[in-house]
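To start, the structure itself, in structure tokens.
The values are calculated or read from the model by the stated rules, or taken from the named source; none is laboratory data. These numbers were taken from a predicted model, which means no experiment stands behind them. All Cβ positions, glycine included, derive from the backbone under ideal geometry; neighbour counts span all protein chains shown.
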Amino acid sequence: MVQSLRRVVLVGNPNTGKSTLFNALSGRSVRTGNYAGVTIDKKVGRLADTDFEVELVDLPGTYSLSPRSPDEFVAVEVLTGERAGEVPPDLVVCVVNATVLRRNLFLVSQLQELGGSLLIAVNMIDSARSRGLTVDCDRLSQNLGVPVVPISASKREGLDTLRQAIADALRKPPETRTIRPLPARFYEIGEEVASSLSSQASVAIAENPRVNQYLIERALLDAGGETEKAIIRQSGESAKTIITEARASLVGSIGELNDIECESRYAWSRQMLDGVLGDAGGESDRVTDLLDSVLMHRVFGLFIFAFMMLMIFQFIYSWSGLPMQWIETVQAYVSGTVTSTMPPGMLRSLIVDGIIAGVGGVLIFVPQIALLFLFLAILEDFGYMARAAFLVDRMMSLLGLSGKSFLPLMSSFACAVPGVMATRVIENPRDRLATIFVAPFMSCSARLPVYLLLITAFIPATAVLGGWVSVRGLVLLAMYLVGVFVAIPTAWLLKKTVLRGESSPLVLELPEYKWPDWKVVFVRVFDACRAFVVRAGTLIFAASIVIWAAGYFPSDHSRQHSLQTAIESAGPDADMSIWEAELQSVSGRLLEDSFLGQLGHAIEPIVKPLGWDWRIGVGAIASFPAREVIIATLGTVYSLGGDVDEEDEGLMDALRSSTWPDGRPVYNIPVALSIMVFFALCAQCASTLLVMKRETNSWRWPIFSFLYMTALAYLGALLTYQIGMRL
């Protein structure tokens, strides 16, 4: 008979193989989502047993219960039972790396201090053997006083034993055994603080007395940390005074608390490992040292890293092209099918130009996102990602960022959407926000059609440097560099103002090199793509519908629909050129009279100092869902139809012949440069802004990003046009 559902959580340091173990234990019975109120991924699976139905929860990786990142804070709240909407765990399975047991036991000591049922899974036991390292798990279990099971999750060794150990642990009454590795004076002061707070607060911080006491002890150790802030929110400002005074008393009596905690826990770890470890020095150590001597070299390592990044983004650009063409082909086929089966009208326009275009606007990003996260997952599982962050940390620190910001910024040259999503690897929330804010400055592939159209139409094809370089090529390079040059002072300024705070050091564990677990890799890629389509994609789709409606209403489209009907019902030999020309003219007038066109006229006084007329303003507004939409919008505005591209000679001629009411040409080189600079700096990309909302769980940050980037883009375009006209 199956008993009530029991909850088991997996916790461990990053790079311990915890996710591999979770996938191995849960098989395909995995559901993903988010913890309530945050964007942290939540993975839940099932482990069936003859006596128990077990729910497995894979917690975000954490080095300790002193959280530094949103991932780590969620892990602490779930473990302590303080996460809203989360059931406290019946058993905690801590996954440790057999090759670095001493470091991993730091977290084990905190878990035992917290109390509750605990089981240790010593993973990568095969890697330990290859190094000549022996681990006596029976002796470790005896020293710790908790069950210890040796496993190799990647090779599926010991998993049956682990399943049985989990079932045995769940059959027993909940454990309450705790340890006290820190000096006795620390715990005495902690009890005094708990007593003082309980006399002032109407309710305890946590329902479980042991958890309540542990949270207070963590607040004493982590000055200004999330635990202290939570206690102050619940108990009032008086709690801050009590904790601050107690912390000062502790520092005076036992010394600096962070140093004391590290020394005490590692001393405890040495005791627990007494008689557990044999001699090391196998082949794996030599391979790791050999690879690190090359990949981590002060000079060669940077060149290898730069070449690897170049290849990754070249592959993303090249390999994503074909599946993106497939998506466009399917989109065109579906649009054509609807067009051929439905009469012209508002409903058909909504389906074709709103719904199908909106869905296509979401799916078109999936190949780039899949490839980016495929390479990220491979490099991370191989053990290189931590080393890459270390290599570029010094360079990125000049911007106030960490080495982990480099890859998201580089990936944004392909598309800012996966670039923003890739910031999840950054623990420090201020560094993560700063990276998110400057990622859209990197010129993504969607800006390229705009650059190519205007450069081809207005920049002379003059060769310089002996014919090796053209002016057009230099202008294109300048458009890519302008975002980089603006991003550097912007990131520095953000870290000094809006995101002001202490710089956090780059704390990394360099894992051993190993072959990636392909199942884990593909699960990560699938989760990233699904997260984008389900969460951000719905918002992007909604934005596309809104832009369609703004460009359709409130005009009377009856003449347009009758012309479309006549053209579509005409025979193959009929000459439709006159009707098609009238249709393009009518479509242009309808767009001008729409809410979108009216808005373009309304903002013309604002954009006129940039050298723009209302048509360019409409193009900039219509490109909000996707920057490249400006090409089709300009084609419609200039009565050429919406199926033009950046190489269309007719569109280029229309731009060159466009004039102001007094006969002056609208476009010239300064105007073209002004438009390109605006597009290089502005955040008029709904996809990026909506992914920002998804990743920050707040509308405040994408609104802030849109406003400050639009202001910078306007200023840059203004200076470009005004200076260009004077030159």
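Does region 576-591 hold any residues that are modelled with pLDDT of 75 or more and assigned to a loop (DSSP other than H, G, I, E, B), and which are they? Once the filter is applied, which keeps residues that are modelled with pLDDT of 75 or more and assigned to a loop (DSSP other than H, G, I, E, B), region 576-591 yields nothing.
If you check 456, 435 for being at negative phi, at pLDDT 70 or above, surrounded by 21 or more Cβ atoms within 10 Å (Cβ to Cβ) and outside any loop (DSSP other than H, G, I, E, B), only one passes: 435. Under the condition of being of a type in the set (S, T, N, Q) and at pLDDT below 70, which residue from region 622-679 is surrounded by the fewest Cβ atoms within 10 Å (Cβ to Cβ)? So, considering only residues that are of a type in the set (S, T, N, Q) and at pLDDT below 70, the one surrounded by the fewest Cβ atoms within 10 Å (Cβ to Cβ) is 639. In region 287-322, which residue that is touching a Pro at 6+ places or on another chain (Cβ under 9 Å) and over 16 Å from residue 373 (Cα atoms) is modelled with the highest pLDDT? Out of the qualifying residues, it is 322. Can residue 173 be described as more than 30 Å from residue 260 (Cβ to Cβ) and either outside the structural domain of residue 95 (by TED's automatic domain parsing) or more than 38 Å from the chain's Cα centre (by Cα) (or both)? It is true that residue 173 is more than 30 Å from residue 260 (Cβ to Cβ) and either outside the structural domain of residue 95 (by TED's automatic domain parsing) or more than 38 Å from the chain's Cα centre (by Cα) (or both). Out of 188, 217, 175, 207, one residue alone is at pLDDT below 90 and either touching a helix residue (DSSP H, G or I) at 6+ places or on another chain (Cβ under 7 Å) or at positive phi (or both). It is 217. Residue 533 meets the conditions (1) at pLDDT 70 or above; (2) over 30 Å from residue 17 (Cβ atoms) in every case but one. The failed one is (2). When residues in region 1-55 are screened for being in contact with a helix residue (DSSP H, G or I) (Cβ under 9 Å, 6 or more places away or on another chain), modelled with pLDDT under 80 and among the hydrophobic types (A, V, I, L, M, F, W, C), 5 of them pass.
The condition (being part of a helix (DSSP H, G or I), of a type in the set (Ser, Thr, Tyr) and at pLDDT below 80) is satisfied by just one residue among 249, 284, 269: 284. Pairs linking a residue in region 592-612 that is outside any helix (DSSP H, G or I) to a residue that is at pLDDT below 80 and not aromatic (Phe, Trp, Tyr), with Cβ atoms under 6 Å and 6 or more positions apart or on different chains, are 594/551; 594/555. Quick one: would you say residue 233 is assigned to a helix (DSSP H, G or I) and under 30 Å from residue 98 (Cα atoms)? Spelling it out, it is not the case that residue 233 is assigned to a helix (DSSP H, G or I) and under 30 Å from residue 98 (Cα atoms). Among the residues of region 238-262, those identified as surrounded by fewer than 17 Cβ atoms within 10 Å (Cβ to Cβ) and under 35 Å from the mean Cα position of the chain (by Cα) are 240, 258, 259, 262.
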